[in-house]
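Heads up, the thing below is written out as structure tokens.
The values are calculated or read from the model by the stated rules, or taken from the named source; none is laboratory data. Note that this is a predicted model, so its numbers are computed, not measured. Here the Cβ positions follow ideal geometry from the backbone for every residue, glycine too, while neighbour counts run over all protein chains shown. These accessible areas exclude ligands, DNA and RNA; they are computed on the full protein's heavy atoms, side chains included. Shrake-Rupley method; radii C 1.70, N 1.55, O 1.52, S 1.80 Å.
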Amino acid sequence: MSSSSSSYILDAVRTPRGRGKAGKGALAGIHPQELFGQVLQQIAKRNQLDPNEVDDVIAGVVSQVNEQGANFARNAVLAAGWPDAVSAVSLNRFCGSGLQAINFAAMGVASGHQDLVVAGGAESMSRLSLGADGGGQDGGNLHLRKRVYQVPQGISADLIASREGFDRKDVDAIALRSQKNAARAIEESRFARSLFGVVDPETGKVVLASEEFPRPDTTAEGLAALPAAFVALGGTVAGPNGETLDELALAAYPDAREIRHVHTAGNSSGIVDGAAAVLLASEAYVKRHGVKPRAKIRALTTVGTEPLIMLTAPTPASQKALKIAGMKASDIDLWEINEAFAGVVLQTVRALGIDPDRVNVNGGAIALGHPLGASGAILLGTVLDELERADKTTALVTMCIGGGQGIATIIERV
């Protein structure tokens, strides 16, 4: 982007992530609109922001049904007590939704048509579980299914591992690293700048002030003892001629030879509740108000890839973003590759030739959880905080997305 069409990041705020178990996680009793509403309140408070100045609020949310339906973002704006004049919109790009919200906001402020936009997302997985919207992989379109067959993401993750030759030790090593890095980040308060304590809307009492999901006592032996998560699923008969899901995957990718089920509950992303938002401003707003941005967007993009294997798109998405920015992978100081599954991280690191020590240095979704609609905004805020703490300059956030898509955003400290 040229300097005349820049989009600036002023701040990033998020909730801690609570365990996504119905009635058991610390955030399970908080309506998801209230979760995102509290994020809006915090971002306004921290920046002495008059909400009347906000041109729009964009929120990613994946299960747009029941409590997360009915234009979730607009109701969250009302729950926050913001003025009626503040508009809001909800979007769904599956796991990339929160980052897509930020990218749309960046486009709006860079275009000159908007000056100030709040973007992020939320997901309450304790209240609305995976697949709650009933759409499945393809919305039940049997005509489409005859041409384009999609398998569940767990099968795709195991297919990637099988094709790449990643074994159980490889994926468990990623999981252990995620737990250890997250434990260190929490011990050193690396998340403190973005975090706030979520309160009960009725009592005002704090219900969660720190991450609830990590297991800092995780060991290699404990991970190795966990059963493979998708063996039974892979044996499910689903094809038009009685093929199992594993057989359908192998028919599309015979080079894999067999599906080795290596992903478990311990090396896949955790189910959690959470919300996050980023405040973006135009160059005109920054100059007019004399505010100091924390970073600027250098590049943003999405790509599509083959929908059965589905989860390999972080590589071409990152390559496309790097090309837009005129950069190489080695120019990026810190990478956030969403830990949907350990095999996705391994495949992306290998394909791009990334130094693993620059990747997910404060843990990822395996240790901390993946609140679907919020994760992209969480990752961007986390890596922004780490750029400042470590005195680094550039970061790339990328995520795999169901249905065969990828998203990537490059930021640079100002």
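Some notes on this structure:
- So Ala317, is it of a type in the set (Gly, Ala, Ser) and within 30 Å of Phe196 (Cβ to Cβ): no
- Helices (runs of 4 or more DSSP H) lying entirely in region 334-414 (those with 3 or more residues that are free of Cβ contacts under 8 Å to residues at least 40 places away in the same chain): 342-352
- Of the criteria (1) out of contact with any strand residue (DSSP E or B) (no Cβ under 6 Å at 6 or more places or on another chain); (2) surrounded by fewer than 20 Cβ atoms within 10 Å (Cβ to Cβ), which one Gly402 fails: (2)
- Pairs, first within 20 Å of Gly404 (Cβ to Cβ) in region 89-113, second modelled with pLDDT under 95 and open to solvent by 30 Å² or more (accessible area, probe 1.4 Å), C-beta under 9 Å, six or more apart: Asn92/Asp133
- Enumeration of residues in region 211-267 that are part of a loop (DSSP other than H, G, I, E, B), acidic (Asp, Glu) and in contact with a helix residue (DSSP H, G or I) (Cβ under 8 Å, 6 or more places away or on another chain): Glu211, Glu243, Glu258
- Selection from region 257-273 of residues that are small (Gly, Ala, Ser) and either in contact with a Pro (Cβ under 7 Å, 6 or more places away or on another chain) or open to solvent by 80 Å² or more (accessible area, probe 1.4 Å) (or both): Ala265
- Of the residues making up region 394-411, those that are within 13 Å of the chain's Cα centre (by Cα) and of a type in the set (Ser, Thr, Tyr) are Thr398, Thr409.
- Given (1) farther than 25 Å from Arg163 by Cβ; (2) not in a helix (DSSP H, G or I), index of the condition Lys287 fails: (2)
- Candidates Ala119, Ala110, filtered to the one that is in contact with a helix residue (DSSP H, G or I) (Cβ under 7 Å, 6 or more places away or on another chain) and surrounded by fewer than 24 Cβ atoms within 10 Å (Cβ to Cβ): Ala110
- Close pairs from region 24-40: first in contact (Cβ under 8 Å) with a residue 24 or more places away in the chain and basic (Lys, Arg), partner open to solvent by less than 40 Å² (accessible area, probe 1.4 Å) and in a loop (DSSP other than H, G, I, E, B), Cβ under 9 Å, at least 6 apart: Lys24/Ser126
- Residue match in region 4-17 (condition: open to solvent by 50 Å² or more (accessible area, probe 1.4 Å) and assigned to a loop (DSSP other than H, G, I, E, B)): no
- Filter result (of a type in the set (Asp, Glu) and under 25 Å from Gly140 (Cβ atoms)) within region 230-265: Glu243, Asp246, Glu247
- Residue tally, condition assigned to a loop (DSSP other than H, G, I, E, B), farther than 25 Å from Gly112 by Cα and touching a helix residue (DSSP H, G or I) at 6+ places or on another chain (Cβ under 8 Å), over region 44-91: 5
- Screening the candidates Leu91, Leu40, Leu35 for the property of being out of contact with any Cys (no Cβ under 6 Å at 6 or more places or on another chain), hydrophobic (A, V, I, L, M, F, W, C) and farther than 13 Å from Gly373 by Cα yields one hit, Leu40.
- Ala229 open to solvent by less than 50 Å² (accessible area, probe 1.4 Å), among the small types (Gly, Ala, Ser) and within 25 Å of the chain's Cα centre (by Cα): no
- Which listed residue, of Gly81, Gly96, Gly135, is at pLDDT below 95 and of a type outside the set (A, V, I, L, M): Gly135
- Selection of first residues in region 71-84 that are over 12 Å from Pro51 (Cβ atoms) and of second residues that are in a helix (DSSP H, G or I), restricted to Cβ pairs under 6 Å at least 6 apart or on distinct chains, gives the following pairs, ordered by first then second residue: Asn75/Gln33; Ala76/Gln33; Ala76/Phe36; Ala76/Gly37; Ala79/Gln33; Ala79/Glu34; Ala79/Gly37.
- Members of region 282-327 found to be of a type in the set (Ser, Thr, Tyr), closer than 19 Å to Asp55 by Cα and open to solvent by 10 Å² or more (accessible area, probe 1.4 Å), listed by number: Tyr285
- Qualifying residue in region 18-37 (condition: open to solvent by 10 Å² or more (accessible area, probe 1.4 Å) and polar (S, T, N, Q)): yes
- Of the helices (runs of 4 or more DSSP H) lying entirely inside region 126-206, those containing at least 3 residues that are open to solvent by less than 50 Å² (accessible area, probe 1.4 Å) are 153-164, 168-187.
- Hey, Leu279 in contact with a Phe, Trp or Tyr (Cβ under 7 Å, 6 or more places away or on another chain), open to solvent by less than 30 Å² (accessible area, probe 1.4 Å), hydrophobic (A, V, I, L, M, F, W, C) and touching a residue at least 40 places away in the same chain (Cβ under 8 Å) or not: no
- Subset of region 328-351 [buried (at least 22 other Cβ atoms within 10 Å of the Cβ) and either in contact with a Lys or Arg (Cβ under 7 Å, 6 or more places away or on another chain) or over 21 Å from Arg168 (Cα atoms) (or both)]: Ile332, Leu334, Trp335, Glu336
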